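Visitor: Pasting a structure here, questions to come.
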Amino acid sequence: MAVRCNRREQGVSMTPDRERSMGSGDWPPLPIRLTQADLDACLLAAARHGATDLHVQALRPLIVNQEGWLYPVAERRLELSEAQELASRVLGAHVPATLGRGEDVDGDYSMVADGQRFRFRVNATAIQIDDQTGTHLTFRIHPNLPPPLADLAVPPALQAVLLGVRKGLVLVTGPTGSGKTTLLAATIRRILEDPERHDVVLTVESPIEFLYDEVAIQNSVVAQSQIGRHLPSWPRAVRNGLRRGPTTLLIGESRDNETMAATLEACLTGHLTFTTLHTTGVPATVSRMVRMFPEGQRDTAYADLIEATQLIVSQRLLPGAEGRRVAVREWLALDVNLKTALLDLPPDKTSNTLRTFVHTSGQSFKTDADQLLRDGRITGAVHAEFLRSYAA
């Protein structure tokens, strides 16, 4: 269930300051009972300090996530009824009944302060805590403008492929919160700012995270739609997009076989299509996509996937040496030789071949992590732990 709320607050200074960490002196004081206005002040403070999430949980203090580190911002713990009332005020009076049926509630929340709009994605979920039933509210803070691609430290070779592909499928994979959406949004921004590009860019997202309203668009067009608000489902959204004359599609997530089938249809009809997937690395991605399809369709789907896929990028975020998180990436562009080799293999035997090509023709996680260590962007301890956990 999704709802949308808007709230307008005046007179709050919101100069971005990502270099500072949350400190007790910077945090609004919490009253005996948290009101919606108090919550708004907390959300604005979190956004000002570059946080990604604010957790509002019954019987616990407020917790902010900044660069992957969790900080309590007050000692006082919220009452059970306090958290429930905040959920109702933010997402609607129906929330307690919905949570009581074992369903969660998703919604959008936004406010305006000093002429700036601040946007949050909200989830309310019932939880068991201290032998009682409570409420957990998670506010994900959405920056309005995508960062420039140059700010993401994308290697020149990968940038060249990302911006050079004109048709087919580009996949960005990784766990939740690994920066997949940010990388794709920065890529779309670069396309829109390029005067040599004349692209019709359609995005389908759930939710819409970045906005392109303030991008210096040159000769391209961009239109954004959200599942559940503007279009009913991922597969229908993709097929709707094909009727609108796009050159470029961004599909926020290919989460099931119907969406992936529609995405492949777009790729195979000559459209450049970006999408995301939850996989652990490049070698596992093709077999993961094939397993999304029913067994009787897998051979055909495999051939279509190999034909359509142009680039796979896998990404993680690591603690940086200076406190900010750093992206480590593995990537591989699929050329004719690699596609021929893969088509000679059964779908469940692709991982070893892809792993070999990653090391010889692309970039492995280990190679990128080694470079981050040499550049002093991660510590030796982070490097060693990452290689133990992820790198092949």
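Visitor: Arg377: within 24 Å of Asn65 (Cβ to Cβ), assigned to a loop (DSSP other than H, G, I, E, B), modelled with pLDDT of 95 or more and not aliphatic (A, V, I, L, M), yes or no?
Guide: yes
Visitor: Is at least one residue of the stretch 230-247 within 17 Å of Ser206 (Cβ to Cβ), assigned by TED's automatic domain parsing to the domain that holds Met289 and touching a Phe, Trp or Tyr at 6+ places or on another chain (Cβ under 8 Å)?
Guide: No - not one qualifying residue is present in the stretch 230-247.
Visitor: Identify all residues within the stretch 282-296 that are closer than 17 Å to Glu253 by Cα and outside any helix (DSSP H, G or I); write none if there are none.
Guide: If the condition is that a residue be closer than 17 Å to Glu253 by Cα and outside any helix (DSSP H, G or I), then Arg291, Met292, Phe293 are the ones that fit.
Visitor: Let me ask something else. Tally time: how many residues in the stretch 193-208 are more than 18 Å from the chain's Cα centre (by Cα) and under 25 Å from Pro235 (Cα atoms)?
Guide: So the answer is 3.
Visitor: Oh, and also: Evaluate the stretch 350-361: report whether one residue or more is among the aliphatic types (A, V, I, L, M), in the same structural domain as Arg298 (by TED's automatic domain parsing), surrounded by fewer than 20 Cβ atoms within 10 Å (Cβ to Cβ) and in contact (Cβ under 8 Å) with a residue 60 or more places away in the chain.
Guide: Looking through the stretch 350-361, none of the residues is among the aliphatic types (A, V, I, L, M), in the same structural domain as Arg298 (by TED's automatic domain parsing), surrounded by fewer than 20 Cβ atoms within 10 Å (Cβ to Cβ) and in contact (Cβ under 8 Å) with a residue 60 or more places away in the chain.
Visitor: Hey, among the residues in the stretch 68-84 that are acidic (Asp, Glu) and either surrounded by fewer than 17 Cβ atoms within 10 Å (Cβ to Cβ) or touching a helix residue (DSSP H, G or I) at 6+ places or on another chain (Cβ under 9 Å) (or both), which one's farthest from Leu30 (Cα to Cα)?
Guide: Glu79
Visitor: Next question, about the same structure. Consider Gly92 carefully, then state whether it is out of contact with any Ser or Thr (no Cβ under 7 Å at 6 or more places or on another chain), exposed (fewer than 13 other Cβ atoms within 10 Å of the Cβ) and either under 30 Å from Arg190 (Cβ atoms) or assigned by TED's automatic domain parsing to the domain that holds Pro31 (or both).
Guide: No: the conditions fail for Gly92.
The values are calculated or read from the model by the stated rules, or taken from the named source; none is laboratory data. Small disclaimer: the values here were computed from a predicted structure and weren't measured. For neighbour counting, all protein chains shown are included, and Cβ atoms are generated from backbone atoms with ideal geometry for every residue, glycine included.
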